[in-house]
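Okay, structure first, notes after.
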Amino acid sequence: MSDAVYPVMIFAAGFGTRMGPLTADRPKPMIEVAGRPLIDHALDLAKAVDAHPIVANTHYLGEQISAHVVPQGVKISHEDPDVLDTGGGLRQALPLLGSKPVLTLNPDVIWKGPNPFDVVTNVWNPSQMDALLLCIPLERTVGRLGNGDFTLSPEGRPSRGGNMVYGGVQIIKTELLHDIQEQVFSLNVVWDRMNAENRLYCTEYPGKWCDVGRAECIPLAENLIASDV
């Protein structure tokens, strides 16, 4: 386990439209899986590595998330009037996160195996990397629709398309965010710039992973949590 302490950004501002009626009166991170909100499963991972600070961005029904996580010591970066996507959202939150590389996490997934933050921080080499993404082979994912996101070279350098799925955890330097002119932008824009400079890397997660972006994935995630593998 890495001894370094990093800030964590939890992306919790989405509308959760793929969840259908479940998100009519609550944001997706507050949907329960195995009796607990998704965002609590995410916070377990951050707290286990003593992350500080922990920041969540909010937008849709954000007051519900704030009421739940602020008493747990989480700082809020609320996006209004527009949701800013992952890149814009991370950039807005930087005054709360500080200047260190940031661990980011999508809360609508379940991990089965070692803490994903430990996996990326143990591989992280800031002299070589500007971002390190955690990926899972398609055959070890649950609830995933479609193909993977990347193909990895033996050295961990990614190219688009393939059987490796980005799992929603990374560690990333944030300086390049300030070079993007748009207010609303995806981190894919930043990754592509890093990749062009041979500074984007991926590493493989050794366990299993479940996408909980759709209502039908909830029992799949609960089965994964209860499983022995």
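Structure above, values below:
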item: Two-site label geometry, Ala226 and Leu145: point separation in nm, points 7 Å out along Cα→Cβ; result: 2.5
item: Principal axis dimensions, largest first and in whole angstrom, of region 128-195 by Cα; result: 37, 27, 17
item: Check: the chain dipole with +1 on Lys, Arg Cβ and -1 on Asp, Glu Cβ, in debye; result: 180
item: Positive-end residue of Leu22, Cys202, Ser186, charge dipole of the chain with Cβ unit charges; result: Cys202
item: Region 95-158, Cα convex hull volume normalised per residue, Å³; result: 132
item: Packing-based order for 188-196, 161-169, using average beta carbon neighbours within 10 Å, highest first; result: 161-169, 188-196
item: Contour minus Cα-Cα distance for Asp44 and Gln72 (0.36 nm per residue); result: 9.0 nm
item: Dipole of the chain, positive direction: furthest Cα of Pro81, Ile171, Leu138, with charges on the beta-carbon; result: Leu138
item: Accessible area of region 20-67 belonging to carbon and sulfur atoms, whole % at 1.4 Å probe; result: 55
item: Whether region 157-200 is rounded, prolate or oblate, judged on the alpha carbon gyration tensor where a/c under 1.5 counts as rounded; result: prolate
item: Lys, Arg +1 and Asp, Glu -1 on Cβ, resulting dipole of region 40-159 about Cα centre, debye, nearest 20; result: 280
item: Share of carbon and sulfur in the accessible heavy-atom surface of region 119-229 [1.4 Å probe, %]; result: 49
item: Heavy-atom accessible area per residue - region 124-214, 1.4 Å, Å²; result: 44
item: Lys/Arg +1, Asp/Glu -1 at C-beta; region 45-130 dipole; positive extreme among Leu90, Asn57, Ala46; result: Ala46
item: Trp209 long-range amide H proximity, modeled H, under 5 Å; result: Lys112, Val142
item: Share of alpha-carbon pairs per 10 Å distance bin for the chain, given as whole %; result: 8, 34, 40, 17, 1
item: Cα pair distances of region 3-64 binned at 10 Å [whole percent]; result: 22, 48, 24, 6, 0
item: Centre separation in Å (Cα based) which lies between region 131-180 and region 31-69; result: 22
item: Accessible area per residue in Å² at 1.4 Å probe, computed on region 1-116; result: 42
item: The chain - percent relative contact order, Cα under 8 Å, separation 6 or more; result: 25
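The values are calculated or read from the model by the stated rules, or taken from the named source; none is laboratory data. Predicted model, so just to flag it, every value in this text is computed and none were measured. Using ideal geometry, Cβ is built from the backbone for each residue, glycine included, and neighbour counts are taken over all protein chains shown. Areas reflect the complete protein model, heavy atoms only, side chains present, ligands, DNA and RNA absent. Shrake-Rupley method; radii C 1.70, N 1.55, O 1.52, S 1.80 Å.
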